[in-house]
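**Student:** My questions all concern the structure below.
Please treat every number below as a calculation from the coordinates, not as lab data. Keep in mind the model is a prediction, meaning the values are calculated, not measured. Neighbour counts are summed over all protein chains in view; Cβ atoms, including those assigned to glycine, are modelled from backbone coordinates with ideal geometry.
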Protein chains: 2
Amino acid sequence: MKTQLKGDRVLAEKEAVAEFYKTGYFGRPKGEGLELSLVEAAFLLSRGKLEIELEGTMLDFRYFFEQASLRQPNFELKYIVYKDLKERGYYVQPSAADFRVYPRGSHPGKSAARIFVHVQSERQLLPVKLLQDSVISAENVHKQFILAVVDEESDLTFYEVKTAVPKGEMTEPYPAIKTDATFLEDRVIAWDAQASETLYKRGFYGKMLDSERLQLSLVESLYLFSRGIITVRDRKGKVFSFDEFIEKASEIESFFLRKYSAYKNLRDSGHVVKTGFKFGTNFRVYRKVESIEKIPHSEYLVNAIPADFEFRLSVMSGAVRLANSVRKKMLFAVEKDEEIEYLDISRTKM
Amino acid sequence: MKTQLKGDRVLAEKEAVAEFYKTGYFGRPKGEGLELSLVEAAFLLSRGKLEIELEGTMLDFRYFFEQASLRQPNFELKYIVYKDLKERGYYVQPSAADFRVYPRGSHPGKSAARIFVHVQSERQLLPVKLLQDSVISAENVHKQFILAVVDEESDLTFYEVKTAVPKGEMTEPYPAIKTDATFLEDRVIAWDAQASETLYKRGFYGKMLDSERLQLSLVESLYLFSRGIITVRDRKGKVFSFDEFIEKASEIESFFLRKYSAYKNLRDSGHVVKTGFKFGTNFRVYRKVESIEKIPHSEYLVNAIPADFEFRLSVMSGAVRLANSVRKKMLFAVEKDEEIEYLDISRTKM
């Protein structure tokens, strides 16, 4: 069947409606004929289902592909994803969110689309704002949001992205005691043996320096300090104000306050929060810890990121892969004004 | 036993030589007496083995610890590592590279130290230049180099760092053919079916777009281009010069040339090199691939970094952990003038 390349569309005559639209759900009827997107046309062309003319000349696959690449940004990426989804047996329609995908066994007209697929090159930075907006748009209409990342070798990786509201089960975020601590060079030590034991064994704070003294991280210290549990002094005995503590901590750790916001939010919502250093993340998070002797598996790895963060996708890929390999969820805690919004990103198969 | 805090040393009388030096290898004899470093003194103090005076006042552990932290940069970090190593039963001596550690069952005087331990806070950036210099210094005197990273919660992770010269077993880095390819938006496609198959199946380049056409990544393309295997044209048919290709590729991919240098070095040394996107690294590397149908396990994950790179240790930690979890070595390819130098970083237990 002969068709015409016009701008970034391929136009087919009336008979295409029956052959492509009614049987395969390709294209959109327009007037009497059918309008195909460039990816749909390339797919049908590669299968010998149609011929494409440009100003009277028949285009071979190479020439059409080069033309399509010139006429539509991200054409190659979209083609790779479209072809992959079609070959997996899905009905796929181009849409504002790149593609709408129908449930297996279903098709346009039979049921609604189930998935919005957003196509992304490994090389493009992905603003978290854009990702959040897209995920929320999808969730508002009860769709699953899938990020399809095309890497430099044109391999595809699919990520499911969801909003999340993590909820822990710890009823007492900190034990009600009062004790004294020193801000040393870049960590804090509580000196009293009994207070140290209580904070460590009941609150799951810090790490014992020895049998009597407790080392606290900076976020732990500020959290306990802000609750009036510890008093913090400098190495000469002078008591810190809240602002002085924040100032010193921020000198030691860039983005201290951002990390602290996520830490506070997670502790306040009933979690036990420890460093994720060994996993390359800010935190590892437990929904419930009953006893320090029997620390369970942690459920989440969490990275705190600002609202204007842009994902480098290879970095995101590594983080999600590592989280998966240790059977944890990878959450990104996005700092937005005074709130924290979470994105749960996991690898998925289509 | 009474000792005196003087500057960043603790000085003990003659009897300490017998009690601490000759039996436990603590400190260094000086004149008639013994000189202890602050970490050695803090360790002995915490065990009640000595008393420390400052200007006539006896110091308790807290006061001594605060003083030591004021007097020596990184005192807390060093103490955490020293204490950990001592408790594992090693003989440890302070040295220029932070600590010298003796083999298990041995001690100073009996054999030489076996390990140089460098202490690092999670929070300090680690310049790769410093790391390379330290590793080479250690290797020059046949010592193992261990990086002891203290995280914000004072937990310790040990990394063994070695220089490496990876060597593959592929005898033919590329098949001797000639074919035509187009530089599309951000990837390259070879159009000829037979050439595509040869490059894919014999050279292990690219990924088939369909049964006839081969998609090549930018580094693969430049490598094949520079060997005269492919001619690269733009989407209008104009042939690229080598410089034009590099210019366009560098616009698409920041640090393209750095990645290419590592790619070229690995291919030239007999490896098959593919993207490491799924692992969050630049490359995954095979020492030998016999057939495209039976791709073996890849041996290395490789990140290309510049000579002035500074490691963020949580990022390094994540990369090494992920490599370990998929049973691969994590190599960092450091670009130095025209050469590539490799560092092999792995987690280790002490």
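**Student:** Report the Cα centroid-to-centroid distance between the stretch A:267-292 and the stretch B:249-323 in angstrom, as an integer.
**Tutor:** After rounding, the separation between the Cα centres reads 32 Å.
**Student:** In the stretch A:144-181, what GluC sites (Glu not before Pro) fall in a loop by DSSP, with at most 16 other Cβ atoms inside 10 Å? Intermediate values should be presented prior to the final figure.
**Tutor:** Working: sites: A:Glu152, A:Glu153, A:Glu160, A:Glu169; in loops: A:Glu152, A:Glu153, A:Glu169.
The qualifying sites are A:Glu169.
**Student:** Would you mind working out the magnitude of the charge dipole of the stretch A:1-126 relative to its Cα centre, with +1 at each Lys and Arg C-beta and -1 at each Asp and Glu C-beta, to the nearest 20 Debye?
**Tutor:** Working: 20 positive and 17 negative charges, 116 e Å.
Result for the stretch A:1-126 is approximately 560 debye, rounded to the nearest 20.
**Student:** I've got another one for you. Give me the percent of DSSP beta bridges within chain B that run antiparallel, rounded to the nearest 5.
**Tutor:** Details: 58 of 80 bridges.
The antiparallel proportion sits near 70 percent.
**Student:** Need the full-extension length gain, B:Glu339 to B:Ser226, defined as separation in residues times 0.36 nm minus the C-alpha distance. One decimal, nm. Before the final figure, lay out each step's value.
**Tutor:** Numbers: separation 113, 0.36 × 113 = 40.68 nm, distance 1.79 nm.
That works out to 38.9 nm of additional length.
**Student:** State which entries of B:Lys143/B:Lys328; A:Lys143/B:Lys294; A:Lys248/B:Lys162; A:Lys248/B:Lys336; A:Lys167/A:Lys328; B:Lys2/B:Lys78 exceed 27 angstrom in Cα-Cα distance in the structure shown.
**Tutor:** On the way: B:Lys143/B:Lys328 24 Å; A:Lys143/B:Lys294 38 Å; A:Lys248/B:Lys162 36 Å; A:Lys248/B:Lys336 37 Å; A:Lys167/A:Lys328 15 Å; B:Lys2/B:Lys78 24 Å.
From the list (B:Lys143/B:Lys328; A:Lys143/B:Lys294; A:Lys248/B:Lys162; A:Lys248/B:Lys336; A:Lys167/A:Lys328; B:Lys2/B:Lys78), the Cα-Cα distance tops 27 Å for A:Lys143/B:Lys294; A:Lys248/B:Lys162; A:Lys248/B:Lys336.
**Student:** If you put +1 on each Lys and Arg Cβ and -1 on each Asp and Glu Cβ, how big is the dipole of the protein assembly as shown around its Cα centre, in Debye rounded to 20? Write out the running numbers ahead of the final one.
**Tutor:** On the way: 108 positive and 104 negative charges, 409 e Å.
Dipole about the Cα centre, nearest 20: 1960 debye.
**Student:** Would you mind computing, in nm to one decimal, how far apart the modelled labels at A:Asp268 and A:Asp180 are, each placed 7 Å from Cα along Cα→Cβ?
**Tutor:** Taking the two extended label points, one gets 3.1 nm.
**Student:** Using a 10 Å cut-off around each Cβ of peptide A:292-304, what is the average number of partner chain Cβ atoms that fall inside?
**Tutor:** Numbers: counts 0, 0, 0, 0, 0, 0, 0, 0, 0, 1, 0, 1, 0.
Per residue, the average neighbour count from other chains is 0.
**Student:** How shielded is A:266-278 by partner chains, expressed as the average number of their Cβ atoms within 10 Å of its Cβ atoms?
**Tutor:** Numbers: counts 0, 0, 0, 0, 0, 0, 0, 0, 4, 7, 4, 13, 10.
Per residue, the number of nearby Cβ atoms from other chains is 3 on average.
**Student:** Also: Among A:Phe183, B:Ala138, A:Ile115, whose Cα sits farthest toward the positive end of the charge dipole of the protein assembly as shown (+1 at Cβ of Lys/Arg, -1 at Cβ of Asp/Glu, about the Cα centre)?
**Tutor:** The one lying farthest along the dipole's positive direction is A:Ile115.
**Student:** Same structure again: Any idea what the alpha-carbon Rg over 2.2 N^0.38 Å comes to for chain A? Provide the component values of the computation, followed by the final result.
**Tutor:** Working: Rg = 27.3 Å, N = 350, 2.2 N^0.38 = 20.4 Å.
Taking N as the residue count of chain A, the ratio is 1.34.
**Student:** Tell me which lysines have Cα within less than 16 Å of B:Lys6's Cα, excluding those fewer than 8 residues away on the same chain?
**Tutor:** B:Lys30
**Student:** A follow-up question, please. With +1 on the Cβ of every Lys and Arg and -1 on the Cβ of every Asp and Glu, and nothing else charged, how large is the dipole of the stretch B:172-254 about its Cα centre, in debye rounded to the nearest 20?
**Tutor:** Numbers: 12 positive and 15 negative charges, 49 e Å.
Charge dipole of the stretch B:172-254: 240 debye, to the nearest 20.
**Student:** Label 7 Å along Cα→Cβ of B:Thr348; the stretch B:161-187 residues with amide nitrogen under 15 Å?
**Tutor:** Residues B:161-164 qualify, since their backbone N sits under 15 Å from the label point.
**Student:** Let me ask something else about it. Considering only B:Phe245, B:Pro173, B:Leu222, whose Cα is most displaced toward the positive end of the charge dipole of the stretch B:172-254, charges sitting on Cβ of Lys, Arg (+1) and Asp, Glu (-1)?
**Tutor:** Of the listed residues, the answer is B:Pro173.
**Student:** Kindly provide the pair-distance distribution of the stretch A:1-47 built from C-alpha pairs, with 10 Å bins from 0 and whole-percent values in order of increasing distance.
**Tutor:** Histogram of Cα-Cα distances, whole percents per bin: 32, 63, 5.
**Student:** In what sequence do A:Ile80, A:Ile252 fall when counting other Cβ within 10 Å, fewest first? Intermediate results must be reported in sequence, preceding the final value.
**Tutor:** Numbers: A:Ile80 23, A:Ile252 16.
If I rank by nearby Cβ atoms, fewest first, I get A:Ile252, A:Ile80.
**Student:** On average, how many beta carbons from a partner chain sit within 10 Å of the beta carbon of a residue in B:72-78? List each step's numbers first, then the result.
**Tutor:** Details: counts 1, 1, 2, 2, 7, 3, 0.
For peptide B:72-78, the averaged partner shielding equals 2.
**Student:** Hey, another quick one. Relative to the longest principal axis of chain B, what angle (0 to 90°, nearest 10) does the C-alpha long axis of helix B:61-71 take?
**Tutor:** Here the helix axis deviates by roughly 60 degrees.
**Student:** Ok, one more. Evaluate the Debye formula for the protein assembly as shown with equal point scatterers sitting on the alpha carbons, no solvent, and hand back log10 of I(q)/I(0) at q = 0.07 Å⁻¹, in q order, two decimals.
**Tutor:** -0.60
**Student:** Modelled label-to-label distance, B:Val315 and B:His142, 7 Å Cα→beta-carbon offset: nm?
**Tutor:** Taking the two extended label points, one gets 3.8 nm.
**Student:** Counting other C-beta atoms within 10 Å, which of B:Val17, B:Val239, B:Val135 has the fewest, and how do the rest follow?
**Tutor:** On the way: B:Val17 18, B:Val239 10, B:Val135 23.
Listing B:Val17, B:Val239, B:Val135 from fewest to most nearby Cβ atoms yields B:Val239, B:Val17, B:Val135.
**Student:** Still on this structure: Please work out how much length the chain gains when fully extended from A:Glu15 to A:Ile292, using 0.36 nm per residue of separation minus the C-alpha to C-alpha distance, in nm with one decimal.
**Tutor:** Values: separation 277, 0.36 × 277 = 99.72 nm, distance 7.18 nm.
Here the answer is 92.5 nm.
**Student:** Related question: Where does helix A:256-268 land angle-wise versus the long Cα axis of chain A, in degrees 0 to 90, nearest 10?
**Tutor:** 90
**Student:** Which trypsin sites (Lys or Arg not before Pro) from the stretch A:1-110 combine a DSSP loop assignment with at most 16 other Cβ atoms within 10 Å?
**Tutor:** Working: sites: A:Lys2, A:Lys6, A:Arg9, A:Lys14, A:Lys22, A:Lys30, A:Arg47, A:Lys49, A:Arg62, A:Arg71, A:Lys78, A:Lys83, A:Lys86, A:Arg88, A:Arg100, A:Arg104, A:Lys110; in loops: A:Lys14, A:Arg47, A:Lys49, A:Arg88, A:Arg104, A:Lys110.
Answer in residue order: A:Lys14, A:Arg47, A:Lys49, A:Arg88, A:Arg104, A:Lys110.
**Student:** Give me the percent relative contact order of chain A, please, defined on Cα pairs under 8 angstrom at least 6 residues apart.
**Tutor:** Computed over chain A, the figure is 13 percent.
**Student:** When each copy gets a label point 7 Å from Cα toward the beta-carbon at A:His297, what are the spacings between them in nm, shortest first?
**Tutor:** Nearest first, the other copies' label points are 2.2 nm away.
**Student:** Next question, about the same structure. Just to confirm the number: angle between the C-alpha axis of helix A:242-252 and the first principal axis of chain A, 0 to 90 degrees, nearest 10?
**Tutor:** Its long axis makes an angle of about 60 degrees.
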